[in-house]
Amino acid sequence: MKSSENTTSDPELRSLYSSLPSLNDLLLNADFATILQVESHSTVVRSTRAVLLRVKQEIAEGRYTHASLKNFLAELHLAVADEINQRKRYSLRRVINATGVILHTNLGRAPLSASAIEHIVEIAAGYSNLEFDLETGERNRRDVHAKELLLRLLSIRAGTIDENSAAAPRAAVVVNNCAAATFLALNSLAEGTDVIVSRGELVEIGGGFRIPEILAKSGAHLREVGTTNRTRLADYEAAISAETGLILRVHQSNFSIEGFTERPALQDLVALGKRRNIPVFNDQGTGLISSLEGLGVQAEPTLLDSFRLGVDLIAASGDKLLGGPQCGLLLGRIDLIDRIRKNPLMRTFRVDKLTYAALEATLMDYVSEKADSIPIFTMLHASPLEILRRCEWVASQVRSGDLFAEAVPVLSLIGGGTAPAARLQSSAVSLRHATLQPQALLRALRQVEPAVIGRVCDDTVLLDLRTVEPEFDATLVSLLEKAARVASVSNPLSFDQK
Ligand SMILES: *Cc1c(COP(=O)(O)O)cnc(C)c1O
């Protein structure tokens with residue numbers, strides 16, 4: 001630090017540098033004594049050094065006059081306190097999702113139900129029978145935990161009361177996510193063989209998960225059939241050869257093709273697979289249990305449909321429309337699941353006890369008819385009128401003179417690569433700031449704690465309250481006012497104008 005002071009030839013900069021107090025002087029200052037009462041000496045020293053270093057850099061960049069530096073130094077203790085708080089912050093933090101996108105992958109997809117959280121806390125705090133059979137006292141496999149409940153749930157909903165009925169014995173395993181499930185299934189069942197896929201389903205799911213690439217990595221050979229918009233059952237049938245190991249059906253979850261399109265019903269593919277003795281693997285993706293038709297979302301395929309149709313193997317995400325933790329579910333024929341379980345790679349994709357705890361509790365919510373306590377259900381089914389009322393209330397409470405808030409109609413998205421065409425009628429708090437551009441206001445909203453994540457539309461910031469828990473409404477009001485203040489202070493136009 002000293003060197004930069006000594007090497008500069010600019011007398012103005014030298015004089016600014018020399019007005020900086022020494023660390024020792026600062027620590028004797030009364031304001032610092034207050035901080036030292038609650039923070040350790042070394043913490044205060046480290047943070048003060050960091051703040052002083054930053055100021056020196058800013059001086060070098062010509063960002064201070066004597067007057068503005070003096071103002072800043074008068075409140076240096078606040079900057080240090082701020083620095084200390086910053087250093088205590090976790091990297092992973094709670095945010096308020098006001099985007100209206102219910103399954104926002106960047107914001108962590110599905111929030112968990114109260115029972116899932118309770119079960120995680122219980123299991124995390126102590127030991128558990130993760131791989132231990134309490135009956136025999138012997139070692140057990142971890143994958144028994146969610147399996148029974150998943151199969152019970154699907155059997156109950158499908159109307160086949162006995163989940164272990166000989167008619168269609170099924171098994172299941174849980175892995176880290178649906179991408180892992182798909183990879184593991186392909187590698188376990190189709191390595192070195194042809195996998196038949198429609199050209200309309202060679203999709204990228206997001207985050208770089210591309211079906212052709214995953215398929216190649218799994219060691220299977222892609223056998224494309226049909227065209228982007230039209231694939232017929234006959235195309236699949238014609239492609240079947242002695243080399244065929246699997247027929248893959250991928251849910252075109254994150255886009256929709258409209259117009260001149262055709263693809264066989266899943267049912268017909270299953271029948272073809274049975275006839276020709278080729279297993280059908282359905283990357284179902286969403287994990288949706290019951291249809292969304294009540295919300296006006298038509299023809300979104302469900303995990304239950306795939307199960308009912310007796311698809312040989314199904315993969316689905318745990319944290320999309322199932323509303324549980326991040327994981328991948330693989331369920332299907334016992335012989336196929338056995339091959340997957342025996343794959344040495346299974347060990348590398350296994351999930352931890354907290355995932356089992358959350359998944360099991362989420363499934364239990366469904367089985368015990370408490371599915372409406374799963375947060376994504378509350379959000380999916382929130383009444384537009386209710387959301388409008390909340391937006392009006394929040395808008396009416398904003399007292400900042402710089403901020404103009406009103407309730408406006410918007411459309412929410414389901415997100416997470418599900419039901420891409422679906423829109424849910426909703427409302428948002430629309431915000432304008434007296435001097436700030438919407439992007440700057442949006443940024444200021446991300447800087448408060450907890451951060452508020454909204455979106456810009458035309459020249460306003462929109463906060464869709466469908467995805468905000470109602471208990472945060474009052475907090476939101478104070479966060480908006482805080483953001484308006486933060487924004488005015490950090491507005492570059494007001495920098496150095498003190
Ligand atoms: C979302 C999705 C995936 C990937 O699931 P992750 O759990 O995010 O790995 C795979 N396939 C389909 C069809 C999907 O919709």
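No lab work stands behind these numbers, since they all come straight from the coordinates. Please read these numbers as outputs of a predicted model, since none were measured by experiment. Glycine also receives a Cβ, built like all others from the backbone with ideal geometry; neighbour counts cover every protein chain displayed.
Ranking 465, 248, 183 by how far each Cα lies toward the positive end of the dipole of the chain (charges on Cβ) leaves 183 at the top.
What do you get for the angle between helix 76-88 and the principal long axis of the chain? Use alpha-carbon atoms, 0 to 90 degrees, nearest ten. Approximately 20 degrees, to the nearest 10.
Separation of segment 192-234 and segment 311-329, taken as the distance between their Cα centroids, equals 20 angstrom. The loop-placed trypsin sites (Lys or Arg not before Pro) in segment 210-307, going by DSSP, that have at most 16 neighbouring Cβ atoms within 10 Å of their Cβ come out as 232. Within the same chain, lysines fewer than 8 places from residue 70 are excluded, and of the rest, those with a Cα less than 29 Å from its Cα are 2, 56, 88, 482, 498.
Working note: 222 nm ellipticity from helices only, DSSP H runs with n ≥ 4, each -39,500 (n - 2.57), summed and divided by the residues of the chain, gives -13000 deg cm²/dmol to the nearest 500. Shape of segment 113-372 from its Cα gyration tensor (a ≥ b ≥ c, root eigenvalues): rounded if a/c is under 1.5, otherwise prolate when a/b > b/c, or oblate? Prolate is the answer for segment 113-372, as a/c is 1.5 or above and a/b outweighs b/c.
Ranking 236, 337, 257 by Cα position along the charge dipole of segment 113-372, where only Lys, Arg, Asp and Glu carry charges on their C-beta atoms, puts 236 farthest toward the positive end. Close amide H partners of residue 410, meaning residues 5 or more places away or on another chain with modelled amide H under 5 Å apart, are 426, 427, 428. Of the residues 145, 221, the one with the fewest other Cβ atoms within 10 Å heads the list, and the complete ranking is 221, 145. Both radii are taken from the alpha-carbon atoms of segment 340-419; with Rh as the Kirkwood radius, Rg/Rh is 1.21.
Projecting the Cα atoms of 57, 13, 85 onto the charge dipole of segment 4-88, computed from C-beta unit charges around the Cα centre, puts 85 farthest toward the positive end. The fewest-to-most ranking of 342, 70, 56 by surrounding Cβ atoms within 10 Å reads 342, 70, 56.
Remark: segment 4-88 is approximated by an ellipsoid whose semi-axes, taken from the C-alpha gyration tensor as √(5λ), come to 24, 12, 12 Å, largest first.
Relative contact order of segment 156-235: 29 percent, from C-alpha pairs under 8 Å at least 6 residues apart in sequence.
The charge dipole of the chain, taken about the Cα centre with unit charges on the Cβ atoms of Lys, Arg (+1) and Asp, Glu (-1), comes to about 700 debye, rounded to the nearest 20.
In units of the rule-of-thumb radius 2.2 N^0.38 Å, segment 304-443 shows an alpha carbon radius of gyration of 1.50. Proximity of backbone amide H atoms, modeled 1.01 Å from N, is registered between residue 249 and 281, 282, 283 at under 5 Å, excluding neighbours fewer than 5 places apart on the same chain. The percentage of C-alpha pairs in segment 221-342 whose separation is greater than 22 Å is 38%. Between 0 and 90 degrees, the angle of helix 473-490 with respect to the longest Cα principal axis of the chain falls at about 50 degrees.
Going by neighbour counts of Cβ atoms within 10 Å, the residues 427, 22 line up, fewest first, as 22, 427. Here segment 113-372 carries DSSP beta bridges of which approximately 45% are antiparallel, counting only pairs with both residues inside. Three semi-axes describe the equivalent ellipsoid of the chain; taken as square roots of 5 times the Cα gyration tensor eigenvalues and ordered largest first, they are 53, 27, 24 Å. With contacts taken as Cα pairs under 8 Å at a separation of at least 6 residues, the chain carries a relative contact order of 18 percent. Quick check: from the Cα gyration tensor, does segment 177-274 come out rounded (a/c under 1.5), prolate or oblate? Oblate.
Our note on the geometry: Cα centres of segment 268-296 and segment 85-146, 28 Å apart.
Taking GluC sites (Glu not before Pro) as exposed when DSSP calls them loop and at most 15 other C-beta atoms lie within 10 angstrom, the chain has its longest site-free stretch at 370-498.
Of the chymotrypsin sites (Phe, Trp or Tyr not before Pro) in segment 260-359, the ones in a loop by DSSP (not H, G, I, E or B) with at most 16 other beta carbons within 10 Å are 260.
Going by alpha carbons, how many degrees (0 to 90, nearest 10) lie between the helix axis of 266-276 and the longest principal axis of the chain? So the helix axis and the longest Cα principal axis differ by about 50 degrees.
What shape does segment 305-353 have by the C-alpha gyration tensor, where a ≥ b ≥ c are the square roots of the eigenvalues, rounded means a/c under 1.5, and otherwise prolate means a/b greater than b/c and oblate the rest? In terms of gyration-tensor shape, oblate.
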